[in-house]
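The numbers here are math on the coordinates, done by the rules we state, and not lab data. Everything numeric here is computed off the predicted structure, so don't read it as measured data. Note: ideal-geometry Cβ built from the backbone for every residue, glycine included; neighbour counts use all protein chains shown.
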Amino acid sequence: MKNRDIFDYYPHMQKIDSDIFSRVLEHTNSYDESRYTSADVAQALKQASQNRLSITHLKALLSPIAESHLESMARISSAITKRYFGNSISIFTPLYLSNFCESKCVYCGFQKGNKIARAKLDEKEIHEEMQIIAKSGLQEIIMLTGEGREYASVEYIARACAIAKEYFKVVGVEIYPMNVDEYAVLHESGCDFVTIFQETYAPKKYARIHIEGEKRIMPYRFDGQERALMAGMRGVGFGALLGIDDFRKDALATALHAHFLQQRYPHAEISISIPRLRPIINNRQIGPKDVSESRLLQVLCAYRMFLPFANITISSRERAGFRDHVLQLGATKVSAGVSVGIGERSAKEKQKDKKGDDQFEISDSRGVGEMIAMLKSQHLQPVMSDSVYVG
Ligand code: SF4
């Protein structure tokens, strides 16, 4: 059977009138990384210190030649971060609600057909997991599911948001993309942030690695953040899974996606993640390929210079030493006490097996206490929540 075209919307998927997808693709398709010179990079760095970075400057900073300017990039990125964020670093944790999935993405342990233990938390289990997380002092949570409305319906996720609001000040989701009215239901239930990883912005590669399921419909996914903002969400998150395709083009596309949306919705809080590929259950060959740590740092610094106000998250996929280092150079958000399985925290407390298997392997398994101690030792200020709710 022929796979569905990646531009062929399912009937239930809402189309919005937005040109951001085509504008981003136009820039990435014409991005010739090799044409930038050291002089272009030096000019971009000069402009960055004065907060005047153009899209052309961003392209120079993401180019291969900029790798030899990494020290200067890191210095300027660090100064910009201190200017806008001081020494504060936000801490949050993810909670996986369900690992059932109807999509088949080659890089993910949850993909349909992969033989793993599947599970979904019920309300009682959601409370149990959240009570354990709240006890650690965390006030921000992001909830995740696989793609599959059948297993994790809008109502189910909305209920999880309402429960989360009992325990946490900041509630976000990283779930399948929804229509505006569905995001509005989540927002009314206490959700403020929606993160959607585009994985790659290259249509041909996108089609090759998203073999089956709703995730295959690329522009519907791309417009997800805009629909979330139209529904009243406070902020949106972006990320390309660096290493899946040309990471420089994907990093450029991610930054432009966030930038164009920020121009259209100036009140939106923007955050960007910089995940790299990690091994999964039944496929340990998957890895970040040509995206070395120094290249990942280059991307991070370029993001910081181009989007000075954006939160940048450094994932627990990365090793502890690298995470600690980049928290001084541009990252402003870090996860702690991470579990990527289902019901893992309460299972540990009860000394039982977790309910469902992991999405991928993590590298940094430090708990909240350890993360706070590390931040303080680096003279950084751990922040559990930047929100004050009145009323
Ligand atoms: S990345 Fe998301 S949609 Fe794709 S297999 Fe994993 S959980 Fe499912």
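Cut-off is 10 Å between beta-carbons; in what order do I133, I65 appear when sorted fewest neighbours first? Show your work: numbers first, answer last.
Values: I133 24, I65 17.
Sorted ascending by nearby Cβ count, the order is I65, I133.
About its Cα centre, the dipole of segment 19-168 is roughly 320 debye, where the only charges are +1 on Lys and Arg Cβ and -1 on Asp and Glu Cβ.
Note on I55 and E123: their simple-model spin labels are 4.9 nm apart, each label 7 Å out from Cα toward Cβ. Using the Karplus relation 6.51 cos²θ - 1.76 cosθ + 1.60 with θ = phi - 60°, the per-residue 3J(HN,Hα) values for segment 263-275 come to 5, 7, 10, x, 6, 5, 7, 10, 9, 10, 10, 10, x Hz, with x marking Gly and Pro.
In the structure displayed, which of K112/K352; K124/K350; K205/K249; K112/K215 lie more than 18 Å apart, Cα to Cα? Don't skip to the answer; put the middle values down first.
Details: K112/K352 26 Å; K124/K350 15 Å; K205/K249 12 Å; K112/K215 12 Å.
Too far apart for the 18 Å limit: K112/K352.
Backbone phi angles across segment 215-223, fed through the Karplus curve with coefficients 6.51, -1.76 and 1.60 (θ = phi - 60°), yield HN-Hα couplings of 5, 5, 7, 4, x, 5, 5, 4, 7 Hz in residue order; Gly and Pro are listed as x. Put simply, the amide H of V383, placed in the peptide plane, has neighbours under 5 Å in I89, S90, I91, leaving out anything fewer than 5 places away on its chain.
Annotation: amide H-H contacts under 5 Å for I342 (H modelled 1.01 Å from N, sequence separation of 5 or more, or interchain): K355, G356, D357.
Have a look at Q14, T37, L25 and report the one farthest towards the positive end of the charge dipole of segment 1-41, computed about the Cα centre with Cβ charges (Lys/Arg +1, Asp/Glu -1). Projecting each Cα onto the dipole axis, the largest value belongs to Q14.
Which one of S271, T200, M230 has its Cα pushed farthest toward the positive end of the charge dipole of segment 197-282, where Lys and Arg give +1 and Asp and Glu give -1 at the Cβ? Highest projection toward the positive end goes to T200. The charge dipole of segment 121-234, taken about its Cα centre with unit charges on the Cβ of Lys, Arg, Asp and Glu (plus for the first two, minus for the last two), comes to roughly 500 debye. Using only side-chain charges placed at the Cβ, +1 for Lys and Arg and -1 for Asp and Glu, the dipole size of the chain relative to its Cα centre rounds to 700 debye.
Highest first, please rank the peptides 344-352, 368-376, 12-20, 214-222 by the mean number of other Cβ atoms sitting within 10 Å of their residues. Provide the component values of the computation, followed by the final result.
Numbers: 344-352: 14.6, 368-376: 17.3, 12-20: 12.8, 214-222: 22.3.
Put in order of decreasing packing, that is 214-222, 368-376, 344-352, 12-20.
Ignoring aspartates and glutamates fewer than eight residues from K135 along the same chain, the ones with Cα atoms less than 14 angstrom from its Cα are E166, E349.
Across the options G148, T93, I209, the greatest Cα extent toward the positive end of the charge dipole of segment 80-210 (unit charges at beta carbon of Lys, Arg, Asp, Glu) belongs to I209. Reported value for segment 27-133: 198 Å³ per residue, from the convex hull of its C-alpha atoms. Full extension of the segment from A39 to D5, taken as 0.36 nm per residue of separation minus the current Cα-Cα distance, would add 8.0 nm. Counting only DSSP beta bridges whose two residues both lie in the chain, roughly 15 percent are antiparallel. Near M143, the amide H atoms lying under 5 Å from its own belong to L95, G172, V173, E174; only residues 5 or more places off or on other chains count, and H is placed 1.01 Å from N. Taken one residue at a time, the phi angles of segment 290-299 give Karplus couplings (6.51, -1.76, 1.60, θ = phi - 60°) of 7, 8, 6, 4, 5, 5, 4, 5, 4, 4 Hz. Gly and Pro are set to x.
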